[in-house]
1. Only one of R111, R104 is open to solvent by 60 Å² or more (accessible area, probe 1.4 Å), at pLDDT 90 or above and farther than 17 Å from A44 by Cβ. Can you tell me which?
2. Would you say S92 is closer than 16 Å to Q39 by Cα and among the polar types (S, T, N, Q)?
3. Scanning region 43-69 for residues that are without any contact (Cβ under 8 Å) to a residue 60 or more places away in the chain and under 10 Å from the mean Cα position of the chain (by Cα), which turns out surrounded by the fewest Cβ atoms within 10 Å (Cβ to Cβ)?
Amino acid sequence: MARVAASFANTALCFLLGALMLAGLAACSSSNAGGQQAQTAKSAANSAIMVIDSWTAGAVPSYYAKATMRSLAQTLVDFDRQLEGAHVSDSSKQLARQLTAAARRAEDAIRSGNQAQAEQARQDFHTAITKFGGAGPVDQATAP
């Protein structure tokens with residue numbers, strides 16, 4: 001059973017790190033920069049949900065979850081900063097602030113071992129992701 005759990009943890013970690021790398025590559029693209037930044041933020045938020053789910057299930061060790069969440073939080077902070085001076089709707093800027101706040105709460109929750117706080121951050125991420133389709137021009141670039 002321990003071998004299965006370790007295998008699952010390794011698979012989950014590889015998937016999370018792969019998603020993070022893809023998000024980073026998307027940020028490097030110069031075409032449709034605003035849409036790419038929004039897609040990167042959405043990917044980071046989805047990755048954060050996966051980290052929280054894996055951590056609360058005990059499938060990912062806390063130190064991996066903390067490191068991954070720290071990186072995802074930085075991606076979201078960068079997105080928030082880029083929108084501050086951009087010509088986008090206030091709702092898009094508010095959405096970026098919500099994602100950043102959720103990332104900080106999730107990072108704090110994992111650091112302190114507070115699963116209830118992590119679940120609340122997960123819900124905040126989910127709520128923000130559902131707003132990506134209608135919050136403004138930046139977000140519409142991420143709609144499928």
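1. Numbers: R104 fails: farther than 17 Å from A44 by Cβ.
When all the criteria are applied, what remains is R111.
2. On the way: closer than 16 Å to Q39 by Cα: yes; among the polar types (S, T, N, Q): yes.
So S92 passes the test.
3. Step one: filter region 43-69 for residues without any contact (Cβ under 8 Å) to a residue 60 or more places away in the chain, giving 43-44, 47, 50-51, 54, 57-69.
Those still in the list that are under 10 Å from the mean Cα position of the chain (by Cα) too: 43-44, 47, 50-51, 68-69.
Numbers: S43: 20, A44: 26, S47: 24, M50: 17, V51: 30, T68: 24, M69: 26.
My answer is M50.
The values are calculated or read from the model by the stated rules, or taken from the named source; none is laboratory data. Keep in mind the model is a prediction, meaning the values are calculated, not measured. A quick note on method: Cβ atoms are made from the backbone with ideal geometry, for glycine too, and the neighbour counts reach across all protein chains shown. Remember, those area values only see protein heavy atoms, side chains included, never the ligands or the DNA or RNA. Shrake-Rupley method; radii C 1.70, N 1.55, O 1.52, S 1.80 Å.
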